[in-house]
1. Over the chain, with a Gaussian network built from C-alpha contacts below 10 Å, which listed residue (Lys47, Lys13, Lys83) shows the highest mean-square fluctuation?
2. Using alpha carbons only, how many angstrom separate the centre of segment 21-44 from the centre of segment 46-96?
3. Contour minus end-to-end for Ser79 and Asn17, with contour as 0.36 nm per residue of separation and end-to-end as the Cα-Cα distance?
4. Could you order peptides 15-26, 55-66 by the average number of other Cβ atoms within 10 Å of their residues, highest first?
5. Pairs of Cα atoms under 8 Å, at least six residues apart: use those to get the relative contact order of the chain, whole percent.
6. Using the Kirkwood formula on the Cα atoms of segment 4-93, what hydrodynamic radius do you get, in angstrom to one decimal?
7. Kindly write out, for segment 67-72 in residue order, the coupling ³J(HN,Hα) from the Karplus curve 6.51 cos²θ - 1.76 cosθ + 1.60 (θ = phi - 60°), rounded to whole Hz, with x marking Gly and Pro.
8. Determine the dipole magnitude for the chain: charges of +1 sit on the beta-carbon of Lys and Arg, -1 on that of Asp and Glu, nothing else is charged, the reference point is the Cα centre, and the result goes in debye to the nearest 20.
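Just so you know, all these numbers are worked out from the coordinates, no wet-lab data involved. Please read all numbers here as calculations on a predicted model, not as lab measurements. Here Cβ is always computed from backbone atoms with ideal geometry, including for glycine, and neighbour counts include all displayed protein chains.
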Amino acid sequence: MTELKIIATLIIKNGYNREFEEILHFIADESRKESGNISYEIHQDIKNPLKFLILETWKSQEAINEHNLTLHFKKFTDSIKNKIDMLQIDIIKKIY
């Protein structure tokens, strides 16, 4: 099994900061309970408070696939649909 990291970069629409932070706390708390999750961190850009980075570490691709099928992930994706201006997701692996 190869440990994988996800870097999700989101820029939210103005006016959703408080609501979005609550949504992020929810997805982080629930994702950390998953057996395939190693870490799940939420970061906010210092210069742009509308920009958030979610840094996730998973035990395997299978763990990511299982995560993507959870109710809390579906609730998260549904709740952010109309609140973001940009979303970029990168899945990376350590090579050295």
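1. Comparing Lys47, Lys13, Lys83 in a Gaussian network model of the chain, the most mobile one is Lys47.
2. So the two Cα centres are separated by 9 Å.
3. Gain on stretching Ser79 to Asn17: 21.0 nm.
4. Result, highest mean first: 55-66, 15-26.
5. 47 percent
6. Evaluated over segment 4-93, this radius sits at 13.3 Å.
7. So the Karplus estimates, Gly and Pro as x, are 4, 5, 9, 6, 5, 5 Hz.
8. Here the chain has a charge dipole of around 180 debye.
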